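Note sheet for the following structure.
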Protein chains: 4
Amino acid sequence: MRVGLLTGGGDCPGLNAVIRAAVRKGVRDYGYAFVGFRDGWRGLLDDHRTTALDIAAVRGILPRGGTILGSSRTNPLAEGEEGVCLIEATLARHGVEALVVIGGEDTLGVAARLSGEYGIPCVGVPKTIDNDLSATDYTFGFDTAVSIATEAIDRLHTTAESHMRVLVVEVMGRHSGWIALHAGLAGGANVILVPERRFDVDEVCGWITSRFRSSYAPIVVVAEGAMPRDGDLVLKDGTLDSFGHVRLSGVGEWLAAEIERRTGKEARTTVLGHVQRGGTPSAFDRWLATRFGLHAVDAVRDGDFGTMVALRGTDIVRVPIGEATARLKTVPPEMYAEAEVFFG
Amino acid sequence: MRVGLLTGGGDCPGLNAVIRAAVRKGVRDYGYAFVGFRDGWRGLLDDHRTTALDIAAVRGILPRGGTILGSSRTNPLAEGEEGVCLIEATLARHGVEALVVIGGEDTLGVAARLSGEYGIPCVGVPKTIDNDLSATDYTFGFDTAVSIATEAIDRLHTTAESHMRVLVVEVMGRHSGWIALHAGLAGGANVILVPERRFDVDEVCGWITSRFRSSYAPIVVVAEGAMPRDGDLVLKDGTLDSFGHVRLSGVGEWLAAEIERRTGKEARTTVLGHVQRGGTPSAFDRWLATRFGLHAVDAVRDGDFGTMVALRGTDIVRVPIGEATARLKTVPPEMYAEAEVFFG
Amino acid sequence: MRVGLLTGGGDCPGLNAVIRAAVRKGVRDYGYAFVGFRDGWRGLLDDHRTTALDIAAVRGILPRGGTILGSSRTNPLAEGEEGVCLIEATLARHGVEALVVIGGEDTLGVAARLSGEYGIPCVGVPKTIDNDLSATDYTFGFDTAVSIATEAIDRLHTTAESHMRVLVVEVMGRHSGWIALHAGLAGGANVILVPERRFDVDEVCGWITSRFRSSYAPIVVVAEGAMPRDGDLVLKDGTLDSFGHVRLSGVGEWLAAEIERRTGKEARTTVLGHVQRGGTPSAFDRWLATRFGLHAVDAVRDGDFGTMVALRGTDIVRVPIGEATARLKTVPPEMYAEAEVFFG
Amino acid sequence: MRVGLLTGGGDCPGLNAVIRAAVRKGVRDYGYAFVGFRDGWRGLLDDHRTTALDIAAVRGILPRGGTILGSSRTNPLAEGEEGVCLIEATLARHGVEALVVIGGEDTLGVAARLSGEYGIPCVGVPKTIDNDLSATDYTFGFDTAVSIATEAIDRLHTTAESHMRVLVVEVMGRHSGWIALHAGLAGGANVILVPERRFDVDEVCGWITSRFRSSYAPIVVVAEGAMPRDGDLVLKDGTLDSFGHVRLSGVGEWLAAEIERRTGKEARTTVLGHVQRGGTPSAFDRWLATRFGLHAVDAVRDGDFGTMVALRGTDIVRVPIGEATARLKTVPPEMYAEAEVFFG
């Protein structure tokens, strides 16, 4: 049996670990051959380049960030059914009878439809830095991102203390606050702001003032998608620079400026950006990605298509792909509320 | 209400995070006062020194390893009921009406009996580097230990490759192989040996030889409590040194010597030792320990004594303390079997 | 003898290591008593708060970033000779007969004048993240900053590769490119831009295009003070946001926009910011700061005032403070030229 | 012109950085072609396998530990002049007109003789974890080893404190104490023992007792080659285990046992071992190794054979290879004496 593999969406530490585990398990235990399609769904549309994946090809990639298969955000269903035909043709050309699809909401959403509506045999592996996929306790990449953000917060504490400044740290999370919440709790932040709940700038300033009163300097962790209660000010913040480029300042810089204006305290912003999603995966993410890869191949062997591997407690289970992509997993209010005891 | 806190057993990254979270939650939300007893149960027996724990006292301790309360392995029930009387007297003297007990199997075993048999109001918080406590998905400290061991394995790969040597890494785990299994998977080990399953040295040598055949050098991860199939040779290995001290060589060194003898390949051992349990906790462990602390105080508020906080998926739940200490949580055979695809 | 200590300017990993070493050496070997003045020169002007520094007071601070004495950018000579009188009065009030001044160009510039013109007995210890102080091979804090920036670049490589994007990393260095040069070399950057040499955007785009041709994605490391050849465009880039705040986009964001416009390739920016100057010092910086502290106290004992400790090779020597502050140490053209072989 | 490259001796982080820089500089600036000989001098004796090194071949190796060329401890002069003939023949066969030799005392000692006595055109690049090569301020690999050891010591502090135990850390350094001294200073050790000075166990126990008196637990850093004053007891410590293997306990374990016996305090040992020499190089080592590679190629271009590149302050200079290998660079007594203020 020939099994196809692809990685789609934003890159994420652990992608290579999934590929390695799947190939190793498939080759050694079931005698499968593996074909890697390049650059996500685009590789299946264009059939421009494939990589034969045997055990030698996946040696040494476990600790490496990124993906040896490349990625893209191409949506093959954007143009309608034509994409489906191209994909079917590519699979047929390579004699591929099953497809392991590693990706986030968008990539898996395609897999759900290809599997459900067109009978293309897909098994999903959930991947997102942001941890906002339903049906799984965690996605790989998230722990790495949280670890990097936490280490940055650790470092910023000392600079905040030495100068008695407010330090605002903007972390990833356009639609969900998981990284902000976990890194904020782990890093001992004094304010944590998430997209799930609009924040009140005066309340934030209150926490900041309270923190200074106990002779400590505050750290504010804000998800890039967090928004103030009183309007979508941040999004209006586009301005033209001297070259005529539109320039959007992020919520982090906006908030620091507001804090300075309202409290009179110096505030500085750090935007961690892509550093959060690159580099070697954490031990947890390597372990999770490896197990996902092993179990995805077992799903292929069982012909259990249309399913996605997922973490539940310490078990890897299978769930319908659609269950994971139906709705975003956001931070529940009661979990956010737990963190509030550390504010101020 | 006055609440007592103690930390018992081996030190573990995250202990301070529990203390901080419990104090902060208790003081801010419920108006509790906290008394820290020093050096585990010994502090309650001797009443030699206590620490008043208010919010200022727990500032800045989140990222610090070890425990600000000190620890010991003293078992207050070793001498019979006398210990119970001393504990009751100490609690009364300090006006303590509830006790948050942070510890592993032994420390919590005492809490279970004090609570169940003598009505002393205890809430447990599970702690062990080894992750071998039942009733919780994970204990804090484990992720840190796995991360440190994985980083060491990463480093050893390059030295193994450069010299085409076998590198044996002995990690913690006297009775369970959780650290070995997780770090072995995450570090890309070629052999993983755990206490749960006696190993066959010839089989190990077979994996090693197979690895060399593909022109790579093997890494063997062995839990300190792993034993060869053909007898408990390792434990007999005590010898006298020139000073007449008994000297026990660990399984790692023993195995490296055996591998050299049987395969003719050079083998070296690294014993990670206490490095695995010291220093700043990982982001995951800080998050878990913090949530344990918060929920332990909620259990106190609910008068839910005799229970222990535990992680189930992403939820913190309460279980009877006795459930956690009744039997060791070992690596299930099917989980170990998952890893075998990477051997050789 | 009573010796005063102060730390001035921006915070920097290793300040506490200097304090600890100086106190330990002075107390144990020479029987000195130490007084810590708070918040740089401001503490000497206001005499608002001092800290008695004995051996117990400096225990455990070696690995901690920031400074236990606080810092400020107050220039006591800004208002003329009045500041000198206040400083002399404060020193007399505390019976301080020698002052160890730990700081950068500004702080040490004051020490040079106080020592040279007013006979106040100062010994200097050079500190700057930026490494731009003359007369010493390195300042502590620099190695930590370079290490943090290098680790970030390592992580960005994988995300650049996975998406075939340009990644621009803006690092510290307003007036000198030491951090950019060292981190760029260590991180394998494909373009390194420094304040010492105005850059040509088209040349930068040429290197980027050449890198893509060999199927790799480029990393551009740019010091915050680097400027394009064709005018000071960046500095004009202030715009008003929706709140009427002036907003200066840094050179990193400006350059990424230019690269996108000229090459048609996606480009992203990461601004590392304060993360580079916080947190625990690297081993090298702890060693250097510790030795600086020891030797500063020896200079006090020798009555060698007006001097600063400096690193020359592996030796700690003494130089006139003025020698260090007379001119900025910038990256020599031939050292920058060495790096060019890696461009493109 | 064809230039040969080889790496000899123990592996060391930074070897690949040298190779990459040399190749890149030679190809781009001088049009050289490079041949990599495998496994140190053995590759030149056997001519068993060579690697063509162009720019593509050295992409991505900068952050990787180990050496892509492999290494060995083969001494081609061990058997007399026959080795020289084999080497000359191999060089002729590959048309190699200059040889860049990257290695430590032994490997460079051979290069010195080949160059001086037989006219084989060698340029040396100094490499040793131990930093014990004369004529250069530092060798690459050393900073990485010190950083790893320091991080381990940081972690051990918390476990020492929590249990009030002595922790003995054995670090690399058979003949010199550089790693012990630097990591001991950077890690805040309470005792540092080096091969350059025999230690007195009772004095060590005195420092330990003094440390406990101030309510802190001591960390003892000992180089593997350190020896007690009263005889070479450690080396006699060979014993037979139950399999009849001779087992030498290192100085770390021996010392911990002695400390326990004499002070009555619990003591534990950590032997860091190969972890110190593997994995990605530190930023400093990457910078140093890169510059060594660039300058070695310049020496080739200048025909400056028989020389070795060396670090002096911030300059890379050339020295006769023999100067570096003539005598071991050990820790000077006055530098060791600097550290004593931290003992106890």
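The values are calculated or read from the model by the stated rules, or taken from the named source; none is laboratory data. Since this is a predicted model, take the numbers as computed values, not measurements. Note that we place each Cβ from the backbone using ideal geometry, even for glycine, and neighbour counts take in every protein chain shown. Side chains are part of the model used for accessible areas, which takes the heavy atoms of the whole protein and leaves out ligands, DNA and RNA. Shrake-Rupley method; radii C 1.70, N 1.55, O 1.52, S 1.80 Å.
A quick yes/no check of all residues on (1) surrounded by 23 or more Cβ atoms within 10 Å (Cβ to Cβ); (2) in contact (Cβ under 8 Å) with a residue 24 or more places away in the chain; (3) not hydroxyl-bearing (S, T, Y):
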{"residue": "A:G40", "(1), (2), (3)": "yes, yes, yes"}
{"residue": "A:D47", "(1), (2), (3)": "no, yes, yes"}
{"residue": "A:T50", "(1), (2), (3)": "no, yes, no"}
{"residue": "A:I68", "(1), (2), (3)": "no, yes, yes"}
{"residue": "A:A78", "(1), (2), (3)": "no, no, yes"}
- Scan region D:135-156 residue by residue and report those that are of a type outside the set (S, T, Y) and more than 7 Å from every other protein chain (Cβ to nearest Cβ). D:A135, D:F140, D:G141, D:F142, D:A145, D:I148, D:A149, D:E151, D:I153
- Message: Given the options B:T269, B:T290, name the one that is polar (S, T, N, Q) and not in a strand (DSSP E or B).
- Response: B:T290
- Considering region D:272-307, residues that are at the interface with another protein chain (Cβ under 7 Å from one of its Cβ atoms) and polar (S, T, N, Q), and then whichever is most open to solvent (accessible area, probe 1.4 Å), we arrive at D:S282
- Message: Checking the conditions here, which among A:A57, A:A17, A:A22 is in a helix (DSSP H, G or I), within 14 Å of chain C (Cβ to nearest Cβ) and either open to solvent by 10 Å² or more (accessible area, probe 1.4 Å) or modelled with pLDDT of 95 or more (or both)?
- Response: A:A17
- Query: Looking at region C:313-323, which of the residues that are part of a helix (DSSP H, G or I) and open to solvent by 10 Å² or more (accessible area, probe 1.4 Å) is farthest from C:D143 (Cα to Cα)?
  - Reply: C:G322
- Task: Taking the residues in region C:212-224 that are more than 13 Å from chain D (Cβ to nearest Cβ) and outside any strand (DSSP E or B) as candidates, determine which candidate is least open to solvent (accessible area, probe 1.4 Å).
- Result: C:F212
- Query: Looking at this structure, is A:I120 within 14 Å of chain C (Cβ to nearest Cβ) and in contact (Cβ under 8 Å) with a residue 24 or more places away in the chain?
  - Reply: no
- Query: Tally time: how many residues in region D:147-174 are at pLDDT 95 or above, of a type outside the set (A, V, I, L, M, F, W, C) and in a loop (DSSP other than H, G, I, E, B)?
  - Reply: 1
- Task: Any chance you could count how many residues in region C:108-131 are among the β-branched types (V, I, T) and assigned to a strand (DSSP E or B)?
- Result: 2
- Message: Testing D:D11 on (1) open to solvent by less than 10 Å² (accessible area, probe 1.4 Å); (2) in a helix (DSSP H, G or I); (3) touching a Ser or Thr at 6+ places or on another chain (Cβ under 7 Å), one condition comes back false. Which one is that?
- Response: (2)
- Applying the selection to region B:62-109, what residues are touching a helix residue (DSSP H, G or I) at 6+ places or on another chain (Cβ under 6 Å) and either under 18 Å from B:V300 (Cα atoms) or not assigned by TED's automatic domain parsing to the domain that holds B:C12 (or both)? B:A98, B:V100, B:V101, B:I102, B:L108
- Message: Of the conditions (1) at pLDDT 95 or above; (2) in a helix (DSSP H, G or I); (3) within 14 Å of C:V220 (Cβ to Cβ), C:A189 satisfies every one except a single condition; which number is it?
- Response: (2)
- Here the residues within region C:256-271 that are facing another protein chain (nearest Cβ under 8 Å) and open to solvent by less than 10 Å² (accessible area, probe 1.4 Å) are C:E258, C:T270
- Only residues that are open to solvent by less than 40 Å² (accessible area, probe 1.4 Å) and part of a loop (DSSP other than H, G, I, E, B): list them for region A:80-107, please. A:G80, A:G95, A:G104
- Quick check, is C:T209 outside any strand (DSSP E or B) and either open to solvent by less than 10 Å² (accessible area, probe 1.4 Å) or basic (K, R) (or both)? no
- The condition of being open to solvent by 50 Å² or more (accessible area, probe 1.4 Å), away from chain A (no Cβ under 14 Å) and hydrophobic (A, V, I, L, M, F, W, C) holds, among C:A310, C:A326, only for C:A326
- Could you list, in sequence order, the residues of region D:313-323 that are within 14 Å of chain C (Cβ to nearest Cβ) and of a type in the set (D, E)? D:D315
- Task: Could you list, in sequence order, all residues of region B:173-206 that are within 14 Å of chain D (Cβ to nearest Cβ) and surrounded by fewer than 24 Cβ atoms within 10 Å (Cβ to Cβ)?
- Result: B:G188, B:V201
